[in-house]
Each structure stands twice: as C-alpha cells, then as structure tokens.
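The values are calculated or read from the model by the stated rules, or taken from the named source; none is laboratory data. All figures in this text were calculated on a predicted structure; none of them were measured in a lab. Every residue, glycine as well, gets a Cβ built from its backbone with ideal geometry; the counts of neighbours run over all protein chains shown. Side chains are part of the model used for accessible areas, which takes the heavy atoms of the whole protein and leaves out ligands, DNA and RNA. Shrake-Rupley method; radii C 1.70, N 1.55, O 1.52, S 1.80 Å.
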Amino acid sequence: FWDGHVATVLSREDMRALCRAIAGLFDLSEDCELAIAADPRAADPGILDFLRDIGFSRVSIGVGESDPDLGENDSIQSVKMTQQYIRRARATGFQSIQADLLYDLPRQRPAAFHSALDRILESNPDRIALSCPVCTPGEFAAGIRLPHARRPAMDTKLQFLAPAIERLVQAGYVHIGMEQFAKPQDDLAV
C-alpha cells in the first residue's frame, strides 16, 4: 500500500476492516510484522498514528529528490520533508524505518544525489534501499516519463552507486546485497 492511496481510496474504517479481514484469513503470530510503503507528499498528519494503531510496525519511505535540475517533476519532495516524516515515524513507534532512494533519474546529478543521501543519513533510518529505475519507453518511474532513448549506462550508474555504497558502509550500514543496506542490529542484517 501507499499511504496516500490509502487516504484517498479507502477510508480509515475500510482500511481497519481490510486489515481485520486479512488477519482472519491467515494464522498470524503474535510477533507478526506488518510493513507499509509511505509517500510523505500524500500523507495526512495522522496517518502514521493510525497505521501503528492498526498494527503496522515497519515503514518504507520514498525519498524525494531535491535537485533543482530535475525541473517540474511532480514527484519531487524535499529531503527536509522526508527527514521530518522519518522523525514522525520514529516518534510514532515504528520499529523499523527504511528510506528508499532512486538514483540515475533523467537530469539527476550524482553530487545532488549524494548530498540527499548524506542528509537522509542524518535521520538515521534502519534500512536504506537504493534503486535505479529501468523502464521501457513510455513507462513511468517515480512519476517521471523517461525519454524514448533513455537507458541507464553502467558507467553513469556507477557514479551514483559506488560512492553511495562506500558512504553507507562508512556510516555503519551492512551491505546486504544488490542495493540494500541495514544497520547491523536490524533483522535484515541479522
């Protein structure tokens, strides 16, 4: 689920009923962990409290891009907005918070990406996932229509990824594999 869609498609009562119905279909253990993906741009202020109240314990937060060269992309959210959302999730009691960062977007500069990564590290998420959108012509990635000829080149991807891996390992994250990182005490690392 994206919490923005939950807020616009399902009422909170419907969401509560959906969670009860799912729990009725499965034999969930007492320590079952429920995770949800969140978009800070679409979330109303009380959604995190509501999600914790109905049993969600993990949240994955999409990180917006603050590079002004990306122009009029409607998926842009400030890193500051993301940092505030991470702090709210932590204060709400989510046991694990993941930050999801996209890299090698059209017109995105490696320096701006690495600056955003450093700022997200200040928020101390438990997990960080990096991903590079690979789309066929006409598909959408993070709200961005990729030009027909746009394909991520490996050397360009490495300008983003190699320094990010080094920075995350230096910050104490375990490189789980591919583009996934977690703090050493996180269940994913353990």
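Tabulated data
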quantity: Residue ID - nearest to D126 (Cα to Cα), chosen from residues in the stretch 156-178 that are out of contact with any helix residue (DSSP H, G or I) (no Cβ under 7 Å at 6 or more places or on another chain) and in a loop (DSSP other than H, G, I, E, B); calculated: Y173
quantity: Residue check for I61: in contact (Cβ under 8 Å) with a residue 40 or more places away in the chain, part of a strand (DSSP E or B) and not basic (K, R); calculated: yes
quantity: Top-ranked residue in the stretch 116-128 [being open to solvent by 10 Å² or more (accessible area, probe 1.4 Å) and either assigned to a helix (DSSP H, G or I) or in contact with a strand residue (DSSP E or B) (Cβ under 6 Å, 6 or more places away or on another chain) (or both); ranked as modelled with the lowest pLDDT]; calculated: R119
quantity: Of residues in the stretch 44-101 being among the basic types (K, R) and modelled with pLDDT of 90 or more, the one nearest to R119 (Cα to Cα); calculated: R87
quantity: Considering residues of the stretch 86-115 that are over 14 Å from L161 (Cβ atoms) and in contact with an Asp or Glu (Cβ under 8 Å, 6 or more places away or on another chain) only, the residue most open to solvent (accessible area, probe 1.4 Å); calculated: R107
quantity: Residue, farthest from I61 (Cα to Cα), within the stretch 1-34, restricted to residues that are at pLDDT 85 or above, open to solvent by 80 Å² or more (accessible area, probe 1.4 Å) and part of a helix (DSSP H, G or I); calculated: L25
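Rundown of residues vs (1) modelled with pLDDT under 85; (2) under 30 Å from D31 (Cβ atoms), yes/no style:
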| position | (1), (2) |
| --- | --- |
| D104 | yes, no |
| R109 | no, no |
| S131 | no, yes |
| L146 | yes, no |
| R150 | yes, no |
| A162 | no, no |
| A171 | no, yes |
